[in-house]
1. Could you check the stretch 86-100 and list, in sequence order, the residues that are small (Gly, Ala, Ser) and under 25 Å from Ala273 (Cα atoms)?
2. If you check Thr11, Thr62, Thr87, which single one turns out to be among the β-branched types (Val, Ile, Thr), more than 25 Å from Phe187 (Cβ to Cβ) and in the same structural domain as Arg105 (by TED's automatic domain parsing)?
3. Hey, can you tell me all the residues within the stretch 215-234 that are crowded, with 20+ Cβ neighbours inside 10 Å and in a loop (DSSP other than H, G, I, E, B)?
4. Does Ala197 qualify as being touching a residue at least 40 places away in the same chain (Cβ under 8 Å), surrounded by 21 or more Cβ atoms within 10 Å (Cβ to Cβ) and assigned to a helix (DSSP H, G or I)?
5. Among the residues of the stretch 146-160, is there at least one that is in contact with a strand residue (DSSP E or B) (Cβ under 8 Å, 6 or more places away or on another chain) and assigned to a strand (DSSP E or B)?
6. Among Leu64, Leu32, Leu6, which is the only one that is touching a strand residue (DSSP E or B) at 6+ places or on another chain (Cβ under 9 Å), touching a residue at least 24 places away in the same chain (Cβ under 8 Å), assigned to a helix (DSSP H, G or I) and hydrophobic (A, V, I, L, M, F, W, C)?
7. For the stretch 296-303, check the following and say yes or no: at least one residue is surrounded by 14 or more Cβ atoms within 10 Å (Cβ to Cβ) and over 18 Å from the mean Cα position of the chain (by Cα).
8. Please specify each residue of the stretch 235-277 satisfying the condition of being assigned to a loop (DSSP other than H, G, I, E, B), over 22 Å from the mean Cα position of the chain (by Cα) and surrounded by 14 or more Cβ atoms within 10 Å (Cβ to Cβ).
Amino acid sequence: MAKRALITGITGQDGSYLAEFLLNQGYEVFGLVRRTSTVNFNRIEHIQGKLNLIPGDMLDQTSLQLALQECQPQEVYNLAAQSFVQTSWTQPVFTGDVTALGVTRLLDAIRHVDPTIRFYQASSSEMFGKVREVPQRETTPFYPRSPYGVAKVYGHWITINYRESYDLHATSGILFNHESPRRGIEFVTRKVTYNVAKIKLGMASELRLGNLDSRRDWGFAGDYVRAMWLMLQQDKPDDYVIATGETHSVEELVSVAFSYLDLDWHDFVVQDARFMRPAEVDLLVGDGSKAGENLGWEPEVSFTELIRMMIDADLELLKSGGHAQ
């Protein structure tokens, strides 16, 4: 019998890469999707025929229990969230309801339906926020600087609480920024690569950005979903930082992107106060040595390779008449 896995947030960047990975591992893959009039299956349309999509909502615990009873998974990967940091300031209550309380609903559903299910929680480097130490590791204190970061801290700690209270195999992956050609246009990496491609093709003349000094630890989403799976293959649940250990500024991201297409970013980039965060996270860089030692995980795609991969995909998309999602 093939293993069965349920992925929440399967239509997102990470969900699509994880679904591909699990299918390649021989899993039967189920995806939780909300019943809405505008569901976007673009990221999974190439594998949709191999997936079992079932209705459910992170705001409704009954639907989560029914989903678990229907697919009877051995593994559950919770990737569902209101995951755009900027939006969390304008929709803080919704962000908390989905990104924080949604984790509790799913954990409690697992506890009642089948407590042997192995659970993965997508924690975030945004939990570190105003960082207490550099680099950040599993023991670094949290100091979130956005409603999204605060909600992720709750999700992280409720996962630990259920693990210790009910002996669940519940693990959190504290993932640092991970990008890909499937990243949403609202995220800075994709915003840069998409607009650089547009400028190169004569379809745009400028790129407006916020803080160019912010520094992040950026990796490839395809590498990071492999780490999620490795965590649930361990005998004991634990928490792991997943990161490259390298830090790059937004300015460096811009420079690499423009120079790849033989353009000078100074000619096109305009700083715009509208894109400044109310409370900025200045420096995130992770120490993934625990994941390296315990899981045997290392990132394979470099920062420069990642940016070039994204630009190549955006050039192809634009030349074919497509638009960023």
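1. Selection gives Ser88 alone.
2. Result of the check over Thr11, Thr62, Thr87: Thr62.
3. If the condition is that a residue be crowded, with 20+ Cβ neighbours inside 10 Å and in a loop (DSSP other than H, G, I, E, B), then Asp217, Trp218 are the ones that fit.
4. yes
5. Scanning the stretch 146-160 turns up no residue that is in contact with a strand residue (DSSP E or B) (Cβ under 8 Å, 6 or more places away or on another chain) and assigned to a strand (DSSP E or B).
6. Residue meeting the stated conditions: Leu64.
7. No, the conditions are met nowhere in the stretch 296-303.
8. Across the stretch 235-277, the qualifying residues are Leu261, Leu263, Phe268.
The values are calculated or read from the model by the stated rules, or taken from the named source; none is laboratory data. All figures in this text were calculated on a predicted structure; none of them were measured in a lab. Here Cβ is always computed from backbone atoms with ideal geometry, including for glycine, and neighbour counts include all displayed protein chains.
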